[in-house]
Each structure stands twice: as C-alpha cells, then as structure tokens.
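Have a look at the structure below, then the notes.
The values are calculated or read from the model by the stated rules, or taken from the named source; none is laboratory data. Please read all numbers here as calculations on a predicted model, not as lab measurements. Note that we place each Cβ from the backbone using ideal geometry, even for glycine, and neighbour counts take in every protein chain shown. Side chains included, ligands, DNA and RNA excluded: accessible areas come from the protein's heavy atoms. Shrake-Rupley method; radii C 1.70, N 1.55, O 1.52, S 1.80 Å.
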Amino acid sequence: MTVSVPAPHSGPAAGPRKLKVATASLSGCFGCHMSLLDLDERLLQLAELVEFDRSPITDIKHCGPCDVGLIEGSVCNSENVHVLREFRSHCKVLIAFGACAVAGGLPAMRNGLDVGDCLKEIYCDRVGPGGLIPNDRELPLLLDKVYPINEVVRVDYFIPGCPPSGDAIWKYLTDVIAGRMPRLEHPMLRYD
Amino acid sequence: MTQPTPSLDQVLPPILARHGNDPTRLVQILRDAQDQLEYLAPDTVTALARALNIPRTRVESCVEFYAFLHDQPRGRFRILFSDNITDRMLGNQALFEHMLKRFHLAPGQVSEDGLVSVGLTSCTGMCDQGPALLINNMPITRLTPRRVDEICDLVQSGLPLADWPSHYFKVEDNIRRAEVLLGSGFRSGDALRAALARGPEAMLAELKRSNLRGRGGAGFTTGVKWELCRKARADIRYIVCNADEGEPGTFKDRVLLQSFAERVFEGMALAGFTVGARQGLLYLRAEYQYMMPHLLAVLERMRAAGLLGRAILGQVDFDFDIDIHLGAGAYVCGEETALIESLEGKAGRPRIRPPFPVTSGYLGKPTVVNNVETLCKATEIALHGGAWYEAQGTKQSTGTKILSVAGDCERPGLYEFPFGVHVSEVLAECGARNAIAVQVSGASGMCLSPEEFGRRIAFEDVPTAGAFMIFGPGRDMFEMALNFADFFAHESCGFCAPCRIGTGLVQKMMHKIAAGQGTRYEVNEMLRLRELMRTTAHCGLGQTAGNAVFDTLQKFRPAYDRRLQDTDFIPAIDLEAALARARAMAGRDDADAHLGAQA
Ligand SMILES: Cc1cc2nc3c(=O)[nH]c(=O)nc-3n(C[C@H](O)[C@H](O)[C@H](O)COP(=O)(O)O)c2cc1C
Ligand code: SF4
Ligand code: SF4
C-alpha cells in the first residue's frame, strides 16, 4: 500500500522537522507493538518521517517532549498510571492503541473479581513457599479494577483492534503525520 | 405459607409435551418452566437440554440473554418498576425507594425469606398511566405512595397474586382522538370477506395502490413486502405480527391488542391469504403477558366463527391459524430478524441481512413481519380499497397514524391523526402548554425543540413509530438523554462491538457528567461515538442509540454546560481510592503506595 506523505513542517521559517513519536505498553501483551513491527519495510519509511523517543524500539526509559504518543495496554497498576501521566504531559497527541488501551480489553476480565481476593488466592492460598503478599515498595500496587486509558487521562485518538493491523497503524500514523484527520474505514476498522 | 417447589419430573414433561419436544420452542418452554419453578436452576437447564437433545450451552445462552429469564431465585413476588423517562417524570424513583425501604431491600436483592425482590425494568408501555410496575409480569399502573403501601401489605400477607383484587390490574385504553382505525366500527370478518372476493392478486394491487407503509419504524412499503414474500419460491410461508413494542414511550399496539384484537388477527389472516401463508405467529412482548388469556379467547372465537382454521369462510383452499409466542424482556427482539431468532427459540440477536425475512425468515422460509398497526391498516384497505386509502395523509405517508402521547400534557393517551399533522396541533389537542421539547418515536427517535413544532409527522419530515413524549417547562432534557443512555446500554444485545462498547461508554460518560465530573472532552467523545455507532453498528438499535444525546447536545446544550467542569479533563475514577484495597492487602503505606490526584 502506498500513501503519499508530505514532509512535515514545524513552521514556515524552520526547515522540515521530524516528528517525535513515543510508544509504551502498559498492561498489554505487546501484541500491539508486534503489530507495529508488522509495518515491515514501511518501518524504514517511518524512520524517515519520525524520530522515536521512549519506546521498546529505542529502549529510552523516559519520554521527553513528543508530538505523538502511542499507548498499548490498559491501566492496571500504579506504575501504569505514572507512565501514562508522563506520556500525557509530554505528548501533544496521545493515541490509545489497541483494544486494551481503548476499552480495557483482556486484562479487564479480572474486573469481575475483587483484587484482594486475587492477591490472596495467588500468594496465600497456594501450597509452596511464601504465603505473603509481596510488599516491597519497588513493586507497583494493583488498582482495584483495570481501566481503559481514557478514564485516567485525556486521549485524542483511538485505534481499535486486538491488535490493530499493521496497515491500520500505518494509515493512522501517516494521517497524523500529514496533518489529516486520522480515519479508518472498513475493512481496516475492526474490533477483533 | 410457602408452597413446596414442585419437582422437575413433575413439571417438565407436561411442558415439553405441550411444545412437542421442539427445540425451536425453547423460549416458550423456558418461560413455562420458570412460571412453575420460579427460576431456572442449573438442574433445570441440564434436564431441558437433555430432553430436547440440544447442547446445554444453547439453553444457557437463552437464559442469560433474556432479562425476564432468571438463573437465580428472584422471590415469589418479582416486582419491577418501569423506568422510562415518563415514569421518572411522574415520580417513580421516590416510589421505588419507598418500596425498597419497606422491604429492607437493595435494588434487585431478594428478601431472605425468598418472598420478594424489587428492581427496575425498561419501559413497560404504560406511559399514559404511569408510574407503573410489573409484579410477576402483571402490570399495576397509576402508582401512588398509598398504592405502593397497599402492594407491600399484600405481598407481606403472602396472598397469591391470582387472588388480589382485580382493580389493581386494570389497564386503560385512553383513546383520545379516533379516526378511521380507532373510531369506525369493525365487523369481524368483513375485511377478510372483501379480500376473498377480490382474490390475492387484486388484494395485492390494492395494497400497492394504497402506498401503505409499515408502522413499526422503518416505513417499508407493505405491498412490496407482501409481494416479495408471495413471489419467493417456497412450499411454506409465515406471517409474523410484531407486538414487541419495546420502544420507550410507545403503547399503541397494547391498545390495539387489548381492544381491537379481532382486527389485528384478521389483518394477519388477510396477509396469509394474500401471500399464500397458512401459519401466523404473534410475537407478544413479555410485558404484555397479562393479555394472553384475552387474546387466546379471541382466537378461539374467531375459529368458532370460521375466520381462522381450515377452509376459512368456506374457501376450501384457504387455511390459516395463529399461534402466540411470548417474548422474555428484550427490546432488541423488536428488530425483525432478532424477533425471528427468538421465535426459533434462540437468543434474540439480529441476523445478517440479506437474506431478508421475505425470502428467508422463520425456519428459513419466506416470512412477512409486520407491526400490529400495519396489519390493522391492511384491513382498512381490504374494506375500502387502495384509492380510498391513498387519499388520506400525505403523498409519501398515506393514511392515519396512531400516536402514543405521554409526558407533560393534560390528556395522555392515543391520538389518531392523518399523517402530515403538525407537532403543534398534537400538542394543542392533548393539552400541552408551553412544552419545551417533544421526543418523537421513542428513545431511538428525534428530539424536537419549540422552533420545530411546526414540523409534520410523516416519513418525509418527522418519521415515527408512534411515541410522542412531551416535556413541559422546567424539565431538564439532560435527564431524558441520561435515561435513554441507560436504556441502550442495558438493551444492547452485545453482538457487535460498536454498540456493545459504545453504549456502555456513552452511559459512563453521561453519568460522569451527571456527577459534575464531566468536561468538554466527554461531550466530544460522545459525539464521536454517536457517529461511530450510527455508521457501523450491526442493527438499528446501535445505529440510533446515540440520537438522544446528539439531539439534546444540539438543542439543549446549556443543560450539559451547567454540569461541565471548566478544565481540560477529569479522570473518571478516584485513583487514590482505587489503590486502597491492594495497599491494605500488602500492608503498605509508603509514598509509592499512593497516587497523587494530578499528573
Ligand atoms: C431495535 C429495534 C426495535 C424494534 N422494535 C419494533 C417493535 O417493537 N415493533 C415493531 O413493529 N417494529 C419494531 N422494529 C422494526 C422491525 O424491525 C420491522 O421493521 C417492523 O416490524 C416491520 O413491520 P412494518 O413494516 O409493519 O413496520 C424495531 C427495529 C429495531 C431495529
Ligand atoms: S489489544 Fe490485544 S494485542 Fe493489543 S495489548 Fe491488548 S491483548 Fe494484546
Ligand atoms: S447494534 Fe447493538 S443490538 Fe444491534 S446487533 Fe449490535 S450489539 Fe446487538
């Protein structure tokens, strides 16, 4: 698929500037990031257009000021909240990327259970070593429920799908980069 | 005085026998079983699956799907308050809370002695005589604090419902304005006789000439529908009368069935004669179960009079009879393909169309699905001809239309007007002064503001399935939109993602705004979701689920604005509180075990 993408300009006087993109996976399975890799040779094209900040691709740990942030996964623990807040405060455009980020997705299947009961069953009620719920302050605490990211911060765009296809991601990103309203039509708009 | 619960071996065989051990009658079987067993326990489900030789999961999926089928005990008295916006405007919430308090119950909870549960349900079609409730599927209308106390006393006395004074269950017609359909005397058999004299081809020609359009909402031309069914190649055809009437604010079909049942059934027989069907099915919503004895008696009478059964009116090759199926509390079953699924004993999920029911409907056979009122209109055409009919109403919307008027007016009830009537005329006729809004055609319909009261009720301007809910001065239109957001989230069948998730999200956002936690962000999101549902949902339910929010945002924006916060965004949840449980479980209170309020 070919998409013509005009070079982005940050202002009339400045020369072309690459957009900065950051990505992160909160409570997800990295399936959405795998789908990002499904861009295959278009990744090279993307690298021409954007520069990656924090992302599993670059291994940068904290994100600086960015144009676009892609968030995979839902909000399940306190660390997810911190990462999400960092993204929101640094990214001009924040995109919920995949079913987990959009709506809670698979991790939200635990929402019918009490989180205390889950912890107890896993750490206390089983035979084997331990018997205590870990309490190291290094460990993020679980939230009572799993939340979609737009219940915690403002989200600008949503890409549905579990995971969204590489084509859908490409269409979305190239739309945003080119300054178009990002839009997915059938058959790329899908929820499974 | 608790009766012992009868055993499965006693209860199930007669029910199964009555339904011929036919799995396509599963919904009816489950309803009958529940009537006697109070709820459908896992054992019952297993026994039915075995007896019908179908997977247990099929039975289970049915029980789970329908709001009126229960896999848990619901009490010997199951009370459900109708919770349409018109009930709310009449104060149902205070009555609901009063009853809960008297029984010391939470909503939906069953009392410890297994006597009673009290919950809410979608509109029960009693909007002109609300607030209303259902007790074991029997309606009680015009609730007052005193009436609620009396009901509580009766429940506590344990007196079986059948022995309660009958005046409690009186349902009024409230016909306020009658024209050809509600006004003219109807001699049972005349329409059918006229059709027989004409013959099916000529009857079809009259119907097409009349330009009659369906009254169930979509407005499809009835003549074309019948012709397609007649021409479809098949050995068997069916006529289905859609009496699901689940659209909040609509109650005209209830009155037609209550007081014009002969006409409805004759319309079905007429359709059978015209398209060549021998079997009719009336799909009656669970909320109207109280009419069952009456309807069955009418059918018997008509059989005795030779208007149903074999060789109708002496015509040797014309056999036609009607069976009644009860729904089980699912708005989506009004959608014709979901209705057919339900008739076939399955969960009522809309089918993929095409094929349309006219070629492949009930049991895969060509099927005409028509609204109750449409079938009544067909009898008018049989009697008076297409040209006569076409002269009434407007060019694209011929004939008269029955409106179910409720809300803030002096005389709620049924109003029959020729199509083309101005909204303002209806308001004047029912005694509604200074209305600030009219919601036409129910929760899925259109919200009109006073500037639009000059518009006309007709397919070419403001189409309607019949509901006409009036909002007087001082009403808060946000409350209406909130009520409808709850309705759609509850009624979404869950088959397709845009509707299943979209209605849930809209509901959450509306409640967030109601709680004073909303921002412009939620407003934009809801507009976006509305467009998404409108264009991508699988059936009409999802496609129209965002209409009320959209319309009220366009026309009653201040009702939203005064609830909105002026910031960019407020999280939907209290994150600090959301960590409390895990914090306590891990016994932590360090700085990292807390989340500040802001980013
Ligand atoms: C969610 C939904 C609910 C509906 N509910 C009803 C109903 O209660 N009664 C009805 O007659 N039609 C209802 N319809 C419309 C039916 O699908 C169908 O169009 C109608 O019964 C056809 O009959 P008509 O041509 O006589 O109008 C509903 C449609 C949808 C999408
Ligand atoms: S949306 Fe699907 S693929 Fe993406 S993180 Fe969630 S589960 Fe994995
Ligand atoms: S639109 Fe809603 S009701 Fe219709 S099929 Fe989809 S989920 Fe079910």
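Listed conditions (1) free of Cβ contacts under 8 Å to residues at least 24 places away in the same chain; (2) farther than 30 Å from B:Ser444 by Cβ; (3) under 28 Å from the mean Cα position of the chain (by Cα) are all met by B:Glu97, apart from (2).
Yes or no: B:Arg353 surrounded by fewer than 20 Cβ atoms within 10 Å (Cβ to Cβ), touching a Ser or Thr at 6+ places or on another chain (Cβ under 9 Å) and of a type in the set (D, E, K, R)?
yes
Exactly one residue out of A:Asp175, A:Asp136 is at pLDDT 90 or above and either facing chain B (nearest Cβ under 10 Å) or within 16 Å of ligand 1 (Cβ to nearest atom) (or both): that is A:Asp136.
Where helices (runs of 4 or more DSSP H) sit wholly within the stretch A:72-167, those with at least 2 residues that are within 24 Å of B:Ala591 (Cβ to Cβ) occupy A:78-90, A:115-123.
B:Asp71 satisfies every condition listed in (1) touching a Pro at 6+ places or on another chain (Cβ under 8 Å); (2) open to solvent by less than 20 Å² (accessible area, probe 1.4 Å) except (2). Candidates B:Val298, B:Val332, B:Val275, B:Val264: the one that is within 16 Å of ligand 3 (Cβ to nearest atom), touching a helix residue (DSSP H, G or I) at 6+ places or on another chain (Cβ under 6 Å) and among the aliphatic types (A, V, I, L, M) is B:Val332.
For the stretch B:474-485, the tally of residues that are free of Cβ contacts under 8 Å to residues at least 40 places away in the same chain and either surrounded by fewer than 21 Cβ atoms within 10 Å (Cβ to Cβ) or assigned by TED's automatic domain parsing to the domain that holds B:Ile85 (or both) stands at 1. If you go through the stretch B:18-50 and pick out every residue that is buried (at least 16 other Cβ atoms within 10 Å of the Cβ) and over 27 Å from B:Ser122 (Cα atoms), you end up with 6.
Restricting the first member to the stretch A:108-126 and to residues that are within 11 Å of chain B (Cβ to nearest Cβ), and the second to residues that are open to solvent by 90 Å² or more (accessible area, probe 1.4 Å) and in a helix (DSSP H, G or I), the beta-carbon pairs closer than 8 Å and six or more apart or on different chains are A:Asp114/B:Arg581; A:Val115/B:Arg581; A:Gly116/B:Arg581.
In the stretch B:387-424, the residue that is nearest to B:Ala205 (Cα to Cα) out of those that are assigned to a helix (DSSP H, G or I) and open to solvent by less than 10 Å² (accessible area, probe 1.4 Å) is B:Tyr389. I need the full set of residues from the stretch B:553-589 which are of a type in the set (Ser, Thr, Tyr) and open to solvent by less than 70 Å² (accessible area, probe 1.4 Å), in order please. Result: B:Tyr560, single match. Of all the listed residues (B:Gly502, B:Gly546, B:Gly540), the sole one being among the small types (Gly, Ala, Ser), open to solvent by less than 60 Å² (accessible area, probe 1.4 Å) and closer than 17 Å to B:Pro350 by Cα is B:Gly540. Among the residues making up the stretch A:168-189, those that are surrounded by 15 or more Cβ atoms within 10 Å (Cβ to Cβ) and in a loop (DSSP other than H, G, I, E, B) are A:Pro182, A:Leu184, A:Met188, A:Leu189.
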